[in-house]
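Structure, as structure tokens:
The values are calculated or read from the model by the stated rules, or taken from the named source; none is laboratory data. Not measured: the values here are computed from a predicted model. So basically every Cβ, Gly included, is an ideal-geometry build from the backbone, and we count neighbours across all protein chains shown.
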Amino acid sequence: MKKELIRLVDCTMAFDGEIVLNAINLTIHDKEFLTLLGPSGCGKTTTLRIIGGFETPTAGSVLFDGVRINDVPPHKRRVNTVFQKYALFPHLNVFENVAFGLRVPQTLKGDDGRKRRVKVSEGEIEERVQAALELVGLKGYHRRRVHQLSGGQQQRVAIARAIVKRPQVLLLDEPLGALDLKLRKEMQHELKEIQQQVGITFVYVTHDQEEALTMSDTVVVMNHGNIQQIGTPVDIYNEPTNAFVADFIGESNIIQGVMHRDYDVTFAGRRFLCVDTGFDPEQPVDVVIRPEDVRITAPEDGQLRGTVNSVTFKGVFYETFVNVGDLEWMVHSTAAPTVGDEVGLCLTPEDIHVMDRPDLFPKGAEALTIEDVDPEPEFEDKYADEEAEETET
Amino acid sequence: MKRSRVPGRILQILVAVFLYAPILVLIVFSFNSDRSRVNFKGFTLDWYRKLFENDQVLSALSLTLILAFLSALIATVIGTVSAIGFYNMKKRPRKLLLGLNNIPVVNPDIITGVSLMLVFVLCVNFLNTLGAGFSLGFGTLLIAHVTFNIPFVILSVLPKLRQLNKNTYEAALDLGASPIRAYRKVILPEILPGVVSGAIIAFTMSIDDFLISYFTTGPSAQTLPMRIYAMTRKRISPEINALSTLMFVTVLALLIIINILQTRDQKRKERRL
């Protein structure tokens with residue numbers, strides 16, 4: 001097992017009495033690419049800000065290399081952050097943006113135990129900034145003004161600015177959120193490469209499940225301030241621990257059912273053989289079935305019978321909705337059935353995932369904080385337009 | 001149906017005449033070689049020359065400039081720091097304090113002046129019972145000017161802070177800068193246009209002020225507007241025209257500088273988008 005680097009112990013965060021993080025426990029290992037994944041308001045950004053030092057947890061501890069760092073201010077932590085909207089310094093050019101962190105004098109303890117303020121030499125700054133810019137593919141851009149760059153380039157500057165400090169951990173808060181799809185895919189790839197090249201821990205926040213699955217070593221799925229599941233992308237996809245995770249990671253049919261005893265479950269009005277064990281007798285459960293695991297057959301061959309409601313071409317597959325009784329099943333298949341046809345649906349025991357029905361909304365965790373937004377009404381512009389119209393008529 | 005433009009034009013012209021005609025008359029007659037305020041006899045710079053030979057005027061001028069400079073400087077420092085404080089407050093106390101901040105701006109000068117005077121007299125009396133020899137003068141004048149200038153600086157700096165990306169400050173901390181360094185190296189350069197225009201507004205407000213100065217100063221310190229007022233009470237000399245023209249031109253120049261700063265800033269922002 002790799003070395004443990006950061007540990008959150010029972011971290012709770014409340015803003016004005018509203019709990020946004022509910023006593024979470026999380027261990028981050030050295031050189032790991034860990035992704036915090038969840039819908040907005042799930043507490044993932046708060047978790048990142050706690051690690052970065054921008055929020056102090058209401059309760060619980062943050063340990064870095066085994067040392068409690070709850071009260072260490074951000075500028076004294078050995079982590080660097082790539083912010084959602086880049087937060088570059090507009091009055092500085094690309095070089096000075098990246099050099100910013102290096103120009104800060106550092107207080108070091110000398111051999112004699114006395115504290116000294118040390119500055120990085122200009123030569124070293126030049127060298128390190130250029131190397132960082134090269135790493136993010138911005139060689140030759142050092143003299144540009146920040147506002148002359150595209151979104152993707154600004155993002156690269158933000159990454160270079162953070163990694164030039166050689167942090168042990170890089171925190172990334174939805175860094176690709178503002179980019180278009182194609183650029184996002186490219187950057188996902190590049191980020192992963194950069195992480196492997198510099199060999200440091202990445203803690204990545206996103207609400208994009210595909211991004212999380214592609215890039216991470218470990219995915220942490222969060223909802224309502226609670227961690228739902230921690231695991232490798234493969235684990236999370238194949239073995240979701242509850243219906244929320246199953247639904248959030250990829251698409252799923254989630255059906256309520258009853259587990260009679262081991263290997264025996266009833267849902268959609270029929271008894272099925274399954275591979276799950278260890279539930280209470282007659283326990284109500286969630287049954288999760290991936291749309292690609294459902295086979296469409298002739299009506300008489302299926303375990304369930306239904307009518308095709310809609311068929312959508314999705315590129316690699318067709319997405320079909322089949323009405324069975326009052327349930328609607330989502331099926332992904334390479335062949336396209338005809339809308340209105342009666343079809344059969346077939347499931348194998350391995351494809352039926354039976355899960356505890358969790359209390360997804362524990363008391364107190366429901367409340368979400370809404371960012372304190374200052375709405376800026378566009379009265380002035382509107383008014384100017386009206387005036388212009390009036391003088392024209 | 002096409003509406004006539006004529007009434008609109010007439011209104012525009014009338015507004016312009018009422019606004020600028022008095023100033024124009026003032027400027028023109030400051031060059032009048034005759035003492036008359038009705039007939040223009042010929043061009044002269046005599047009144048300006050006389051003005052610069054008038055010691056009382058010159059000392060009032062230098063006092064006004066020193067006062068404006070010092071009060072603008074102090075108000076800019078306090079106002080900028082306060083604006084940063086307001087910006088970091090929670091919404092409710094911020095709204096409350098901003099409301100309080102706006103009161104001196106809309107409060108009639110005479111009330112500000114009288115109330116400041118009452119406070120100063122009270123304080124001076126109290127200090128003098130302790131044996132100090134204070135009186136109203138430059139000190140109280142400076143305090144008064146700083147007081148009424150601070151809100152203008154805050155109102156000028158706060159919008160600049162609001163335009164900042166909230167993460168900019170955090171990014172500086174994140175890169176190892178101490179909070180003070182982060183403000184100095186990142187926040188200050190970003191809000192500088194607001195700070196500068198705040199300082200210039202404060203400077204002009206200070207030069208401009210008559211009422212508050214009138215109530216808060218003593219016989220030892222007389223500002224230029226007060227000097228002009230005193231001169232008009234004896235008899236209206238064309239010197240006053242010259243002096244007023246100079247003040248008008250100074251204030252106008254400062255206003256133009258503020259405008260240029262603001263448009264430049266606006267353009268920079270548009271480029272950024």
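Some observations on this one:
- Residues in the range B:55-110 that are more than 27 Å from B:P225 (Cβ to Cβ), part of a loop (DSSP other than H, G, I, E, B) and either within 15 Å of the chain's Cα centre (by Cα) or not charged (D, E, K, R) (or both): B:N88, B:M89.
- Residue match in the range A:313-334 (condition: farther than 18 Å from A:S252 by Cβ and either touching an Asp or Glu at 6+ places or on another chain (Cβ under 9 Å) or part of a strand (DSSP E or B) (or both)): yes
- Any chance B:I110 is farther than 25 Å from B:L188 by Cβ and modelled with pLDDT of 90 or more: yes
- For the range A:152-168, the condition of being in contact with a Phe, Trp or Tyr (Cβ under 6 Å, 6 or more places away or on another chain) and small (G, A, S) holds for at least one residue.
- Selected residue (criterion: nearest to B:L98 (Cα to Cα)) from residues of the range B:131-168 that are of a type in the set (G, A, S) and free of Cβ contacts under 8 Å to residues at least 40 places away in the same chain: B:G139
- Residue in the range A:274-293 that is surrounded by 14 or more Cβ atoms within 10 Å (Cβ to Cβ), farther than 29 Å from A:N223 by Cβ and not hydroxyl-bearing (S, T, Y) present: no
- Some residue of the range B:181-193 being more than 30 Å from A:K165 (Cα to Cα) and not hydroxyl-bearing (S, T, Y): yes
- Exclusive hit being within 14 Å of chain A (Cβ to nearest Cβ), hydrophobic (A, V, I, L, M, F, W, C) and either buried (at least 20 other Cβ atoms within 10 Å of the Cβ) or more than 21 Å from B:S71 (Cβ to Cβ) (or both), set B:I191, B:I201: B:I191
- In the range A:112-136, the residue that is surrounded by the most Cβ atoms within 10 Å (Cβ to Cβ) out of those that are at pLDDT 90 or above and within 14 Å of chain B (Cβ to nearest Cβ) is A:A132.
- Hey, B:A132 over 17 Å from B:T217 (Cβ atoms), part of a loop (DSSP other than H, G, I, E, B) and more than 11 Å from chain A (Cβ to nearest Cβ) or not: yes
- Test result for A:V20, within 8 Å of chain B (Cβ to nearest Cβ), buried (at least 17 other Cβ atoms within 10 Å of the Cβ) and β-branched (V, I, T): no
- Breaking point among (1) at pLDDT below 90; (2) of a type in the set (G, A, S); (3) closer than 26 Å to A:V275 by Cα, for A:A335: (3)
- Flag for B:R162 being surrounded by fewer than 16 Cβ atoms within 10 Å (Cβ to Cβ) and more than 10 Å from chain A (Cβ to nearest Cβ): no
- Out of A:L26, A:L48, sole residue that is modelled with pLDDT of 90 or more and part of a strand (DSSP E or B): A:L26
- B:P219 away from chain A (no Cβ under 14 Å) and assigned to a loop (DSSP other than H, G, I, E, B): yes
- A:K109 being modelled with pLDDT under 90 and more than 8 Å from chain B (Cβ to nearest Cβ): yes
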